[in-house]
Every structure is written in structure tokens, then in C-alpha cells.
Amino acid sequence: MTQTVLETKNLKKIYNYQTENEFEALHDINFQVQEGEFIAVMGPSGSGKSTFINNISTIDIYTGGHVYINAKEVRTMSSNEIGRFRYQNLGFIFQDFNLLDTHTMYENIAMPLSLAHVKKEEIEKRVNELAKQMDIDWLLKKYPYECSGGQRQRAAICRALVNKPKIIVADEPTGNLDSKNSSELMKILEDLNHNNGVTIVMVTHDPLIASYSSRLIFIRDGNIESEIVKGEMTQDEYFQKIVEINSAESRELITQ
Ligand code: ADP
């Protein structure tokens, strides 16, 4: 039996709530993710992808409805609880890596564990192990600005994995990478998903990157408009379907 790890019920996000600039970015979204799924989120720019991913991962707090992560409702948690909950459950990868230039690569990777007051020896062991796997162990004393984009993204992946998260949330993780580094990152995510059962929710605008997922949702104007399940399709067949849905959506936008 698979388990629901993430669920939204009538998820609504209104920016500038109760001001004259109110803007409803998400309209009553109902959505479920089962353990071990790899979800890609696509949609035109401004459709609500980042808002959606931020609101299902504790980064932002929704205006209405419910979000449950591992059956725990996000809005009922205090900020301390959210911090602990993130450390126990979630790993984040962002397009611009979000590494701190004032900290070494080691300190950046260690951050989720340092914030959770994990013992120094345990942190050292975990950071060194991961950095070695990602082939950046020789860069740990350097600062992010001394490293290449690919190296920084690998450090960001180490930071996302250092707490052994059950769910990885990624917003355009390949947005700043060349094709070689992008496909390396996708192999890492695929491996974590297939072999370690890590659940992944990833925003991307690239059909090839999306074709690594097991299910795709397409967001438009703050709603989930359509969905494709990879099922028995090959990656190539799935990729073709993703291209089709993107071009059909683009055509609709043009003729609107
Ligand atoms: P996407 O990730 O699909 O490009 P976003 O989730 O960033 O879309 O934005 C969805 C909509 O919400 C857009 O119309 C955007 O202008 C609006 N929006 C996003 N963030 C804010 C904010 N902090 N304040 C007001 N409006 C916002």
C-alpha cells in the first residue's frame, strides 16, 4: 500500500490579502502525492508554479484550505515546529542554489544540520561522505563564489540531502546549469527516487527535464489544468506527450 505523503485540500493563496492589491494566485487546489512519486510541475510563466511549490513545502503559508505533509497540517505548526519538521522531512533545491557567499562550501552544506544542533562529529561525517559522492570534497574549504555553477549546484544538492529528507522540493533546479550538469543532476534525482524511495516535486519549464518524472501536472492561472502519468510509457514517449501538452497550451495562450 502506498502512503500519501503530501495532500492539499482546497489550497488557496491570496497575495496582499485584504488589501486593495489582493491577488488570488492559487484557486482551491486539490492534489495528492504518494510516497515514492516523482512529480514535475509545468505551466506558463506567472501561472502559480512557484507559489504552489512554496505553499506545499512550508516556505510560504497559504491563505485558505489545507496542506498536509506526512499527515501533519502545515498551518497548525509553530515556526519552531516548522523548522524541526523541515529538518526531519524536507530537502530544497533552488534555481539560484541559495548558497551563502559568506560561508564556506562545507558550512553551507552543513547548514540544515547545524541549525538542528546535530553533533559536530555527525555533521562532519555526513558532509564529507556526501561531498565525496558528489566529487566536491576537495572544494569544501572554498567559498561558493570561488566555484563553478555546476560545483555550486552539487553543493546545493549535498545541502538538500544532508538531513536524509523523505521529500525533495526543487524549483527549476537545472535553470542555471548547462546540459551536461543538468543531465547529471537528473541522474542523481532519478537515483534517489528509484533506489532510496525519495519523493520528489520539481518545477521545470523543460520537457526533457520533466520526462524524468513519473507524473506531470500542468498549472494554468492558479489551477491544475491537466495531468499526465508516465505509467508504462518509455521516457521518450512520455517526453513526446509532454511536448504536445506544452505546445497545445501555448497555442491556447496565443489564441486567447
Ligand atoms: P510561476 O512560478 O508560474 O512563474 P508565480 O507563482 O511566481 O508563477 O506567480 C503566480 C502569480 O502570483 C503571478 O501573477 C505573480 O505576479 C503573482 N505573485 C507571485 N508572488 C507574489 C507576491 N509576493 N506578491 C504579489 N503577487 C505575487
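Residues in the stretch 152-158 carry Karplus couplings, in order, of 5, 5, 5, 5, 5, 5, 4 Hz; the curve used is 6.51 cos²θ - 1.76 cosθ + 1.60 with θ = phi - 60°, and Gly or Pro positions show x. Once the Cβ-Cβ distance of Ser250 and Asp28 is raised to the sixth power relative to R0 = 30 Å, the FRET efficiency obtained is 0.75.
Please give the direction-averaged projected area of the C-alpha convex hull for the stretch 132-212, in square nanometres with one decimal. Working shown, then result.
Working: hull surface 21.5 nm².
If I average the Cα hull's projected area over directions, I get 5.4 nm².
Assuming R0 = 45 Å, can you tell me the calculated FRET efficiency for the pair Glu107 and Asp236, based on Cβ-Cβ distance, to the nearest 0.05? Numbers along the way, then the final one.
Working: r = 42 Å, r/R0 = 0.93.
About 0.60, to the nearest 0.05.
Take the Cα of Glu227, go 7 Å toward its beta carbon, and the backbone nitrogen atoms of the stretch 12-40 under 17 Å from that spot belong to 12, 27-40. In this structure, Gln133 and Ile14 have a Cβ-Cβ separation that, at R0 = 45 Å, corresponds to a calculated FRET efficiency of about 0.60.
Classify the stretch 1-106 as rounded, prolate or oblate from the Cα gyration tensor: take a ≥ b ≥ c as the square roots of its eigenvalues, call it rounded if a/c is under 1.5, otherwise prolate when a/b beats b/c and oblate if not. It is rounded, given that a/c, with a ≥ b ≥ c, falls under 1.5. A simple spin-label model places pseudo-atoms 7 Å from Cα toward Cβ; at Ile82 and Asp191 they are separated by 3.3 nm. Using the Cβ of Cys158 as centre and a radius below 11 Å, the other residues enclosed give a net charge of +2, where K and R count +1 and D and E count -1. Here the Karplus curve 6.51 cos²θ - 1.76 cosθ + 1.60, taken at θ = phi - 60°, turns the phi angles of the stretch 181-194 into couplings of 5, 4, 6, 5, 4, 5, 5, 5, 5, 4, 5, 4, 5, 6 Hz, with x standing for Gly and Pro. In order along the stretch 118-124, phi translates into HN-Hα couplings of 6, 4, 3, 5, 5, 4, 4 Hz, rounded to whole numbers, per the Karplus curve 6.51 cos²θ - 1.76 cosθ + 1.60 with θ = phi - 60° and x for Gly and Pro.
In this structure, the amide hydrogen of Ile93, modeled 1.01 Å from its nitrogen in the peptide plane, lies closer than 5 angstrom to those of Val169, Ala170, Asp171, counting only residues at least 5 positions away or on a different chain. Whose amide H sits under 5 Å from the amide H of Ile219, counting only residues 5 or more places off or on another chain, with H placed in the peptide plane? For Ile219, whose amide H was placed from the backbone, the distant partners under 5 Å are Met42, Gly43, Glu225.
State the extension gain, in nm to one decimal, for the chain segment bounded by Tyr143 and Thr4, taking 0.36 nm per residue of separation less the distance between their alpha-carbons.
Gain in length upon complete extension: 46.1 nm.
Every number here is computed from the coordinates shown, using simple stated rules; none is lab data. Please read these numbers as outputs of a predicted model, since none were measured by experiment. Don't worry about glycine lacking a Cβ; one is built from the backbone with ideal geometry, like all the others, and counts go over all protein chains shown.
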